[in-house]
Amino acid sequence: MSYLDNVRVFVRVVELGTLSAAGRDQRVTPAVASNRIKELERHLGVRLFNRTTRKLSPTEHGRVFYEKAVKIIEAVNEAEAAIADLSRNPKGSLRITAPLGIGRRLVASGIPEFHDKYPDIEVRVRLSDHNVDILAEGVDVAFKLGVLEDSNLRMRGILNCERVLCASPSYLERRGVPLTADALIADKHDCLLLRYPGSKEYYWTLMTAEGVRKFEVAGPYDSDDGDVLTQWALEDRGIINKPLFEVKAYLREGRLVEILKESPPAPVQLAAIYPHKRFQDPKVRLMIDFMAERCQRLIGKLLADEPAAVAP
């Protein structure tokens, strides 16, 4: 077995906590991952992990080796990236992540085209509306709607996205149209929220005549999938807070109606988030440049009411 492959698996086991997770990350079976750890322990002559039925935790030797091993992997990755940059032939794998909605419509749908342009780059896509820990999970680029909250990461803005509050005509006929932002709470409107462990959407930030205010809205149910919220709104179940480009077609068709135009949600930025060192890698730069152009183009078409080749 390649010693470097053994070290890579070791690093990911420490970071992800289990052989199965590390194996999936490295595209090997748990049995192969286990054998690589055993081979590394035999080579070093020490035990690297304390084993329980659910999780592996590094021993003192394991913690010391991990600190140095991470630097080895980073150095190898940087060396490979430098060669790829000089040869203008980028190779290797990229781990990218995005929320489910924009991930399906804008990011994942563009991966085949990206691979056609750069056939030696292997792309691993993870779509999730959960808050992904970019550093712990070894993500190279995260495309997300939001703000940069981790000083260990960098951000490249792609587009400022207008947001709207909207609901179906039937919901508004049944419950009434809120005339002020305060009515969302006073009249106990069903606000459909995106929630998951670590989520911050327990309030909506709206731009009112008094300035930017936070409203702790509520609803009878919530979801960790933004597209589920949209479907519920289409089924007359409540009010959603969405980027305009995601619901523009439904507004045009009359299936959803924008409300509180005088107190709209604060806009959100579509951005590429990445660890500091990753941008030295030409693969990362190519991916960000490609997706930035693609997202700007397709969102522009959606907002202009033009047909856009995006996934349903």
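The values are calculated or read from the model by the stated rules, or taken from the named source; none is laboratory data. Keep in mind that this is a model prediction, so the values were computed, not measured. Heads up, the Cβs are rebuilt from the backbone with ideal geometry, glycines too, and the neighbour counts pull from every protein chain shown. We work out accessible area using only protein heavy atoms, side chains counted, and drop any ligands, DNA or RNA first. Shrake-Rupley method; radii C 1.70, N 1.55, O 1.52, S 1.80 Å.
Within segment 188-202, the only residue that satisfies the criterion of being more than 16 Å from Leu229 (Cα to Cα) and open to solvent by less than 90 Å² (accessible area, probe 1.4 Å) is Gly198. For segment 5-13, the count of residues that are surrounded by 15 or more Cβ atoms within 10 Å (Cβ to Cβ) and farther than 21 Å from Leu135 by Cβ is at least one. For the condition within 29 Å of the chain's Cα centre (by Cα) and β-branched (Val, Ile, Thr), Val14 qualifies. The listed residues are Glu122, Glu137, and the only one of them that is within 22 Å of the chain's Cα centre (by Cα), without any contact (Cβ under 8 Å) to a residue 60 or more places away in the chain and over 25 Å from Leu303 (Cα atoms) turns out to be Glu122. Picking from residues in segment 202-219 that are under 10 Å from Ala181 (Cβ atoms) and of a type in the set (A, V, I, L, M), the one that is modelled with the lowest pLDDT is Ala209. In segment 42-62, the residue that is surrounded by the fewest Cβ atoms within 10 Å (Cβ to Cβ) out of those that are in a helix (DSSP H, G or I) and in contact (Cβ under 8 Å) with a residue 24 or more places away in the chain is His43.
Of the residues making up segment 203-259, just one is surrounded by fewer than 19 Cβ atoms within 10 Å (Cβ to Cβ), touching a Phe, Trp or Tyr at 6+ places or on another chain (Cβ under 7 Å) and under 16 Å from Pro99 (Cβ atoms), namely Asp224.
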